[in-house]
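Taking it in order: structure first as C-alpha cells, then the write-up.
The values are calculated or read from the model by the stated rules, or taken from the named source; none is laboratory data. All of these numbers come straight from a predicted model, not from anything done at the bench. Heads up, the Cβs are rebuilt from the backbone with ideal geometry, glycines too, and the neighbour counts pull from every protein chain shown. All accessible areas refer to the heavy atoms of the entire protein, side chains included, with ligands and DNA or RNA removed. Shrake-Rupley method; radii C 1.70, N 1.55, O 1.52, S 1.80 Å.
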Amino acid sequence: MASFSQGCIAGTDWRRLLDRADIGAVIIATPQDSQVEIARAAIGAGIHVLVEKPAARHVDELLGLPQLAAKHNVRVRVGFNHRYHRAFQQARRLVDSGILGPLLFLRARYGHGGRLGYASEWRAQPQRSGGGELIDQGVHLIDLASWFLGEFVEVNGFAHTYFWDMPVDDNGFMLLKTATKQVAFLHVSCTEWKNTFSWELYGRDGKLQVDGLGGSYGVERLSWYKNLPDMGPPETTIWEYPMADNSWETEMAEFIEDIRSGREPSAGLHDAIAALAVVAKIYAASGYDHRP
C-alpha cells in the first residue's frame, strides 16, 4: 500500500487516479450523482475511501456497498464532519459520562439563506443532488441525532419548496422516534435568512445545547444546564470555541487511524444508509420522487 507520507494529489479524471499503483486512499468530494460510482470503483481496486456526505442520491445506491468493502478489506468513511466539531466532541464525552441521565429527546434547527443564483446550482438539480435541503444539510442533523439517540424506527416528516424556484425542497421537517420513544424534532432550511445552528439534547438530569458552527453561523458554543434537586434555574457551564473550525482535520486524522488500525469507521456506510433511509421516506411522503 502507498505510504501516507508521500502526500496527496488531486485530479478531475478519477479513473486515471484509481489506475495509479501508488494510491492508497481517496477522498471523493463530488456531487452526489458520481459519488457511488467512484466509491464502488475505488473499493473494488482495494483503495480506502472517504466520501463526502450524503454519499449517494438515494439510499438504494448504497445497498451492497458495505459488503463490497468487507470483501476487499477496505475502510469507507462518510464525511459527517459535524461529529468532529469541538462542541460535539465535548458533548459526546459528557453524555458518555452519564451526567444527563437517561436521554429523553432532541430538538435541532440548521439553515442558511441561499444566495443569488442558488436555484440554478447543481444542488437544485435533483438528478445530480438527489434532493434539496433535506438531503444536503438534513443528513447532518439526522446523523447527529442518531449518533446520540440510536436507530430511528419511526419516521415522519414533510419536505416542501416555499421560496426558491427549483424542483427540490428548500425546507425539511422531521419527527423521528427510537424504539423507546426518544424523539428527534429536526428542521433544516435554506430560507433561514440569518444562518442558524441550534441543537438541544434533553436528559432527565440536564440539557446540552450547541449553538453556532463558527463563521456566519456564529461562535461555536456548548452549554450544559444541570438540573438541580430543587429544580428552578439550572447550574450552567458554557464552553466557547472561537477558533477556526478543525472538524475536517480531525475527521481526516480519524480516517487515517481507521486504515492504520483496521477499525470500522465511526461514521461509515451504515450511518449514511440510515440517514438516507430517513430522507427517502420523507421525500416519498412529501411527493418528491428523486429516485435515480
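Under 8 Å by Cβ, and 6 or more places apart or on different chains, what pairs join a residue from region 39-64 that is more than 24 Å from residue 289 (Cα to Cα) with one that is charged (D, E, K, R) and outside any strand (DSSP E or B)? Sorted first by the residue in region 39-64, then by its partner, the pairs are 41/15; 48/75; 48/258; 49/75; 50/251. Taking region 264-292 as the range and being over 22 Å from residue 82 (Cβ atoms), out of contact with any strand residue (DSSP E or B) (no Cβ under 8 Å at 6 or more places or on another chain) and assigned to a helix (DSSP H, G or I) as the test, only 284 passes. For region 169-192, the candidate set comprises residues that are assigned to a loop (DSSP other than H, G, I, E, B) and more than 13 Å from residue 135 (Cβ to Cβ); within that set, the residue that is most open to solvent (accessible area, probe 1.4 Å) is 181. Count of region 216-251 residues, restricted to those that are in a helix (DSSP H, G or I), under 30 Å from residue 76 (Cβ atoms) and open to solvent by 60 Å² or more (accessible area, probe 1.4 Å), is 2. Just so you know, in region 50-69 the residues that are in a loop (DSSP other than H, G, I, E, B) and open to solvent by 10 Å² or more (accessible area, probe 1.4 Å) include one that is nearest to residue 209 (Cα to Cα), and it is 53. Taking the condition exposed (fewer than 15 other Cβ atoms within 10 Å of the Cβ), closer than 20 Å to residue 200 by Cα and touching a strand residue (DSSP E or B) at 6+ places or on another chain (Cβ under 9 Å), does residue 213 pass? Considered against the rule, which asks whether it is exposed (fewer than 15 other Cβ atoms within 10 Å of the Cβ), closer than 20 Å to residue 200 by Cα and touching a strand residue (DSSP E or B) at 6+ places or on another chain (Cβ under 9 Å), residue 213 comes out as no. Screening residue 287 against (1) without any contact (Cβ under 8 Å) to a residue 40 or more places away in the chain; (2) over 24 Å from residue 168 (Cα atoms); (3) over 21 Å from the mean Cα position of the chain (by Cα) leaves a single unmet condition, (2). Please go through (1) touching a helix residue (DSSP H, G or I) at 6+ places or on another chain (Cβ under 8 Å); (2) in a helix (DSSP H, G or I); (3) hydrophobic (A, V, I, L, M, F, W, C) for residue 145 and return the number of the only condition it doesn't satisfy. Condition not satisfied by residue 145: (1). Can you confirm whether residue 35 is surrounded by 15 or more Cβ atoms within 10 Å (Cβ to Cβ) and closer than 23 Å to residue 168 by Cα? Taking the combined requirement at face value, the residue satisfies it. Checked against the criterion of being assigned to a loop (DSSP other than H, G, I, E, B) and either small (Gly, Ala, Ser) or out of contact with any Phe, Trp or Tyr (no Cβ under 7 Å at 6 or more places or on another chain) (or both), region 198-209 contains one or more residues that satisfy it. Going by what's in this entry, would residue 75 be described as open to solvent by less than 50 Å² (accessible area, probe 1.4 Å) and under 30 Å from residue 222 (Cβ atoms)? The answer is yes for residue 75.
Residues are listed down the side, and each one gets a yes or a no for (1) free of Cβ contacts under 8 Å to residues at least 12 places away in the same chain; (2) among the aromatic types (Phe, Trp, Tyr); (3) part of a loop (DSSP other than H, G, I, E, B):
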position: 71; (1), (2), (3): yes, no, no
position: 88; (1), (2), (3): no, yes, no
position: 93; (1), (2), (3): yes, no, no
position: 100; (1), (2), (3): no, no, yes
position: 105; (1), (2), (3): no, yes, no
position: 110; (1), (2), (3): no, yes, no
position: 113; (1), (2), (3): no, no, yes
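So how many residues does region 21-34 have that are in a helix (DSSP H, G or I) and either without any contact (Cβ under 8 Å) to a residue 24 or more places away in the chain or among the hydrophobic types (A, V, I, L, M, F, W, C) (or both)? Adding up the residues that qualify gives 1.
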